[in-house]
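What follows is a single structure, written as structure tokens, with notes after it.
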Amino acid sequence: MKFTGSTAKSMEIKVDLATGLIAGYPTLERNLSYMKNMFHDGKAYDSLLAKGDVRVYDFFDLKRPVNDRELACGTSIVYPGKVGDEYFMTKGHFHEVLDTAEVYYCLSGHGFMLMENPEGDWEVGEFVPGQAVYVPGRYAHRSINVSPSEPLKTFFCFRADAGHDYATIESKGFRKLMVEKNGEPAIIDNPRWK
């Protein structure tokens, strides 16, 4: 129910907490083929892709007018899986308006947010249900699902005109990677980082 006496263009967002879906908005699907050169083990990537183009993650972006007075938001779902020893993850991005911060709130699952800035500082924030991770401006970020069986579902919000710079990550990658070692998440240097 909505009551209003103004000309404001508010919106109500219905997020299904069980699925991470947002009613009335299309799913933007990202399969393994979309993630070419994102995982450090190229042979494991090719081997998994040969078995089928599995879904790695989805997201729902609630389009808002692109200006600095609006907030863009949506949900992201990273599915369980690994390429070699590296967990499934989002491609990751900087914002085109580099100083833009972003907040991710974990709806369900277990994972991490890997962040790094152009100068080489990096940080990892943990996702557990009910916990938010604040990504500071100037930091590239990617969500990583470390659960062997449960999707990682998050709700995100950022300045609507921030844009997404995927090209830098596609060409250089992240300096650090999250892999499984002895059954636990671990951070390693990216052997392919340029």
Spatial separation of Cα centroids for the stretch 164-192 and the stretch 118-153, in angstrom: 12
Sorting N182, F60, P136 by the position of each Cα along the dipole of the stretch 28-189 (Lys, Arg +1; Asp, Glu -1; all at Cβ), the one nearest the positive end of that ordering is F60
Check which residues have an amide H placed less than 5 Å from H110's amide H, if you skip close sequence neighbours. V146, S147
In terms of modelled amide H atoms, which long-range or inter-chain residues lie less than 5 Å from the amide H of N190? K176, L177
For the chain, shape from the Cα gyration tensor axes a ≥ b ≥ c, cut at a/c of 1.5 then a/b versus b/c, turns out prolate
Give me the distance between the Cα centres of the stretch 61-90 and the stretch 7-48, rounded to whole Å. 6
Residue-averaged 222 nm ellipticity for the chain, from DSSP H runs of 4+ at -39500 (n - 2.57), nearest 500: -2000 deg cm²/dmol
Among the lysines, which have Cα under 17 Å from the Cα of K51 when same-chain residues fewer than 8 positions away are ignored? K36, K43, K82
Which of Y34, Y105 has the fewest other C-beta atoms within 10 Å, and how do the rest follow up to the most? Y34, Y105
Using each residue's phi in the stretch 58-69, evaluate 6.51 cos²θ - 1.76 cosθ + 1.60 at θ = phi - 60° and report the 3J(HN,Hα) Karplus result to the nearest Hz, with x for Gly and Pro. 10, 8, 10, 10, 7, 4, 10, x, 7, 7, 7, 9
Starting from the Cα of W122, move 7 Å in the Cα-to-Cβ direction to define the label point; list residues of the stretch 143-179 whose amide nitrogen is under 14 Å from there. 143-144, 169, 172-179
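Values quoted throughout were computed directly from the atomic coordinates according to the rules given, and no laboratory measurement underlies them. No experiment lies behind these values; they were computed from the predicted model shown. Backbone-built Cβ (ideal geometry, glycine too); neighbour counts: all protein chains shown.
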